[in-house]
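A.B. asks: If you scroll down you'll find the structure; I have some questions about it.
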Amino acid sequence: MSITFEPIGVIHSCFKEKFGIPRQPGLVPSARAVLELLPPYDRDEAVRGLQDFSHVWVVFLFHGVMDAGWKPTVRPPRLGGNERMGVFATRSPFRPNPLGMSAVRLDRIARENGRLNLHLLGGDFLDGTPVIDVKPYVPYVDSIADAYGSFAHEAPVNKFGVRFSEAARLACFEKEKCYPGVTQLIEEMVSTDPRPAYRFVKDLTLQYGVRIYDFDLRWRVDGTAVEVVALVNNLPDSD
């Protein structure tokens, strides 16, 4: 049986590359995304009543890894990246069908420049993510009090304190004018330590970088603290 799905929308996210994206929704509450509904699904009546829900489920495609194929076992970051588990016992994007689902906060619904947009908070979406469906989060069925979660029973503890170099602090001050809350976003993001667990390097001079919004964020790990070193503007692509 052949089944074809048509995206109903596309995500515009602050995360421009896979590295650095939160490993689960809600870990970085300040992460902003906009779900733009595409024609013919961008009708006001299609979202009537959705504004009365605080959270929504977003069903989407892991479009950044679709060409990589699936793997029967994967290495969950919560297990240090060294122990393998079955793909169906994890939320790895490398799946037979690369579908993801995330419960995120619905900030607001707005029609902007003729487009119908859902503003979301706490997402774990790569920019450009195709969305297959949106469903309201219903607390009495979606929150199960006695559920347990094997190796992921509790939320991960943030590993690091975060400090900013003077240059990074000044750059954040300027970026706040375009991206309100970006300083808090950076703190939440790097405090969760997005480095692959099985590739840790103890070189304290080594810098890591990730692209968010229109700049490259650079930081280094110093013992139990992260220092945000710089925010470097991306240069426009040359023809």
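A.B. asks: Could you tell me whether residue 50 is closer than 16 Å to residue 114 by Cβ, among the hydrophobic types (A, V, I, L, M, F, W, C) and out of contact with any helix residue (DSSP H, G or I) (no Cβ under 9 Å at 6 or more places or on another chain)?
C.D. replies: Working: closer than 16 Å to residue 114 by Cβ: no; among the hydrophobic types (A, V, I, L, M, F, W, C): yes; out of contact with any helix residue (DSSP H, G or I) (no Cβ under 9 Å at 6 or more places or on another chain): yes.
When the stated conditions are applied, residue 50 does not pass them.
A.B. asks: While we're on this one: Within the stretch 30-43, does at least one residue satisfy the condition of being open to solvent by 70 Å² or more (accessible area, probe 1.4 Å), assigned to a loop (DSSP other than H, G, I, E, B) and within 20 Å of residue 107 (Cβ to Cβ)?
C.D. replies: Kept after step one, since they are open to solvent by 70 Å² or more (accessible area, probe 1.4 Å), are these residues of the stretch 30-43: 32, 39-41, 43.
If we keep only those that are assigned to a loop (DSSP other than H, G, I, E, B) too, we end up with 39-41, 43.
Add one more test, that the residue is within 20 Å of residue 107 (Cβ to Cβ), and what stays is 41.
Yes, the stretch 30-43 has at least one match.
A.B. asks: Look at the stretch 124-175 and say how many of its residues are under 23 Å from residue 225 (Cα atoms), out of contact with any Asp or Glu (no Cβ under 8 Å at 6 or more places or on another chain), modelled with pLDDT of 85 or more and open to solvent by 50 Å² or more (accessible area, probe 1.4 Å).
C.D. replies: Looking only at that region, the number is 5.
A.B. asks: Mind listing whichever residues of the stretch 53-99 are open to solvent by 60 Å² or more (accessible area, probe 1.4 Å), within 28 Å of residue 121 (Cα to Cα) and among the basic types (Lys, Arg)?
C.D. replies: Of everything in the stretch 53-99, those that are open to solvent by 60 Å² or more (accessible area, probe 1.4 Å), within 28 Å of residue 121 (Cα to Cα) and among the basic types (Lys, Arg) turn out to be 75, 78, 91.
A.B. asks: Ok, one more. Would you please name the residue that is modelled with the lowest pLDDT, looking only at residues in the stretch 62-107 that are part of a strand (DSSP E or B) and over 19 Å from residue 31 (Cβ atoms)?
C.D. replies: Checked the stretch 62-107; the qualifying residue modelled with the lowest pLDDT is 74.
A.B. asks: Could you check residue 201 against (1) loosely packed, with under 14 Cβ neighbours inside 10 Å; (2) closer than 30 Å to residue 52 by Cα; (3) modelled with pLDDT under 90 and say which number it fails?
C.D. replies: Only one criterion in (1) loosely packed, with under 14 Cβ neighbours inside 10 Å; (2) closer than 30 Å to residue 52 by Cα; (3) modelled with pLDDT under 90 is unmet by residue 201, namely (2).
A.B. asks: List, please: which pairs have Cβ atoms under 6 Å, are six or more places apart or on different chains, and start with a residue in the stretch 141-167 that is among the hydrophobic types (A, V, I, L, M, F, W, C) and end with one that is modelled with pLDDT under 70 and in a loop (DSSP other than H, G, I, E, B)?
C.D. replies: Every condition considered, no pair remains.
The values are calculated or read from the model by the stated rules, or taken from the named source; none is laboratory data. Because the structure is predicted, anything quoted here is derived from the model rather than measured. All Cβ positions, glycine included, derive from the backbone under ideal geometry; neighbour counts span all protein chains shown. Note: accessible area is taken over every heavy atom of the protein model, side chains too, but ligands, DNA and RNA are not part of it. Shrake-Rupley method; radii C 1.70, N 1.55, O 1.52, S 1.80 Å.
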